[in-house]
Structures are given as structure tokens and as C-alpha cells.
Amino acid sequence: MQKQPYTFTTILHKLESWVVAPLPDGFEIEAVHPFGRTPVIATLGETSWKTSLWTDKEGGTMLPLPKKIRGKLREGDEVTLTFVYDEERF
């Protein structure tokens, strides 16, 4: 598993009732759990939280940002996020 943090900058998108941060095209997840989820610890600014990367049917990967984490950020805003794989949940 990846030990180093992975940092990326992206534009937030709305996906049904979720706001998500799409990862760059071609990003490959090292291990996918049921329902296309991969446990990670994500960081936005000074806030870190346990979450999962999501994969969609087209092969894209995204990171959901709950309201309590993103605050006033919304669809169309640019963000820089960092994550590491959460090895304890594998």
C-alpha cells in the first residue's frame, strides 16, 4: 500500500446529494473494497477525517466531502486535498 500522502487539486462537483472531489484521470487505486470503496484518511486544510475513495462505473475515482468538512465550499470551487490509504481499515 502507498505509504506517502497523495496530494491533488481539483474542482468540486455535485453528485446527487453529495459534493465530491474527482481525482485526476488515470489515477489507479491499489485495492478496492466492496461497493467500489477504498478506505483513506483525507485532509483538507487543517482538517483530517476517515473516509473512502469511491469509484464509478466509468472508472473515475472521487473523494466525497461532507458538509461538516467542506464548510462553505461548494460545486465549482477548486480545492487541494491530501490522502493516505487507511491501512487499519483494510
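The values are calculated or read from the model by the stated rules, or taken from the named source; none is laboratory data. Predicted model only: the values in this text are computed from it and were never measured. Here the Cβ positions follow ideal geometry from the backbone for every residue, glycine too, while neighbour counts run over all protein chains shown.
Overview of values
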read-out	value
Those residues of the stretch 43-71 which are closer than 18 Å to ARG89 by Cβ and touching a helix residue (DSSP H, G or I) at 6+ places or on another chain (Cβ under 8 Å), in sequence order	TRP49, LYS50, TRP54, THR55
Residues of the stretch 31-44 satisfying the condition of being within 17 Å of PRO5 (Cα to Cα) and either among the β-branched types (Val, Ile, Thr) or under 14 Å from the mean Cα position of the chain (by Cα) (or both)	THR38, PRO39, VAL40, ILE41, ALA42, THR43, LEU44
Matching option when the condition is β-branched (Val, Ile, Thr) and under 11 Å from PHE83 (Cα atoms), among THR38, THR55, THR47, THR7	THR7
Test set (1) loosely packed, with under 12 Cβ neighbours inside 10 Å; (2) within 10 Å of the chain's Cα centre (by Cα) - LEU23 fails condition number	(1)
In the stretch 53-86, residue surrounded by the fewest Cβ atoms within 10 Å (Cβ to Cβ) [restricted to those that are closer than 14 Å to TYR6 by Cα and of a type in the set (Ser, Thr, Tyr)]	THR80
Residues being part of a loop (DSSP other than H, G, I, E, B) and under 15 Å from PHE83 (Cα atoms) - total across the stretch 10-35	7
Single residue of the stretch 29-45 satisfying the filter (at pLDDT 95 or above and not β-branched (Val, Ile, Thr)) that is surrounded by the most Cβ atoms within 10 Å (Cβ to Cβ)	ALA42
